[in-house]
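First comes the structure, then the notes that go with it.
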Amino acid sequence: MKVTTDSCLFGAFIAHEMSGIKINHCLDIGTGTGLLSLMLAQKNNCQIKAIEIEEAAAKQATENFQHSPFHQNIQLIHSDVKKYHSTEIFDLIISNPPFYENELQAPDVKKNIAHHGTQLKLSELISIIQNQLTETGNFFLLLPFQRLEEAKSLIVENNLSIHKIVLLKSSSSHPAIRCIFYGTKNKQKQLIHIEEIIIKNKENKYTTEFITYLKDYYLAFE
């Protein structure tokens with residue numbers, strides 16, 4: 001699957017927010033190519049379990065992990081997260097889940113698994129986060145902007161707290177296309193901060209903020 005700009009920004013945002021925070025165990029649900037796990041591992045010396053249901057994506061992620069300097073920190077699990085039974089709980093859970101539910105699908109089964117919530121509904125994902133997250137743990141989700149209110153309701157229903165919502169915009173003149181949820185079980189973080197990250201300026205060049213987030217990952221910014 002393609003590595004998108006918003007997923008790169010999401011990975012950089014997670015690593016930035018978790019900078020200086022001790023993480024023992026992280027669960028990456030729907031790792032795809034392994035992008036988020038690799039970006040986190042670059043910044044945080046934690047143990048990561050990256051779970052992926054689709055066979056070809058799991059194979060690609062495994063290769064990416066093995067050829068990285070962080071291979072000892074990341075374990076690929078080829079499984080359906082709903083069938084993955086583990087007594088382990090995690091102090092960080094991250095996910096860039098399938099974006100769409102109940103919408104027109106493509107002929108390509110692999111793309112449908114990646115893009116559509118036929119295998120994992122958003123309600124199921126948030127329930128898993130509730131069950132697998134430590135009491136002081138944090139979680140991050142990347143979703144289409146149109147699912148913002150739905151996600152907010154599901155998070156509250158599952159007795160989780162939203163600490164921050166970040167709206168991603170292609171430019172200042174465009175509406176938000178994605179939203180990042182940063183949440184926790186910690187009820188002391190119930191005040192929701194809403195922020196924006198704009199990817200490109202009026203000159204169609206990457207903004208200073210975007211470059212700051214991605215400079216440690218994009219060779220073009222070196």
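None of the figures in this text is laboratory data; all of them are computed from the coordinates on show. Since the structure is predicted, the reported quantities are computational estimates derived from the model, not experimental observations. With ideal geometry, Cβ positions are generated from the backbone for all residues, glycine too; neighbour counts draw on all protein chains shown.
Among the listed residues Glu195, Glu203, Glu222, Glu209, which satisfies the condition of being surrounded by fewer than 18 Cβ atoms within 10 Å (Cβ to Cβ) and over 21 Å from Gly11 (Cβ atoms)? Please lay out each step first, then the result.
Details: Glu195 fails: over 21 Å from Gly11 (Cβ atoms); Glu222 fails: over 21 Å from Gly11 (Cβ atoms); Glu209 fails: over 21 Å from Gly11 (Cβ atoms).
Unique residue meeting the criteria: Glu203.
Out of Ser68, Ser95, one residue alone is farther than 21 Å from Leu133 by Cα and either of a type outside the set (Phe, Trp, Tyr) or in contact (Cβ under 8 Å) with a residue 24 or more places away in the chain (or both). It is Ser68. Criterion first (in contact (Cβ under 8 Å) with a residue 24 or more places away in the chain and in a helix (DSSP H, G or I)) does Leu27 satisfy it? Against the criterion (in contact (Cβ under 8 Å) with a residue 24 or more places away in the chain and in a helix (DSSP H, G or I)), Leu27 does not qualify. Go through the residues of the stretch 35-51 one by one and say whether even a single one is surrounded by fewer than 20 Cβ atoms within 10 Å (Cβ to Cβ) and without any contact (Cβ under 8 Å) to a residue 24 or more places away in the chain. No, the stretch 35-51 has no match at all. Restricting Ala220, Ala151 to residues that are more than 16 Å from the chain's Cα centre (by Cα), not in a strand (DSSP E or B) and not aromatic (Phe, Trp, Tyr) narrows the list to Ala220.
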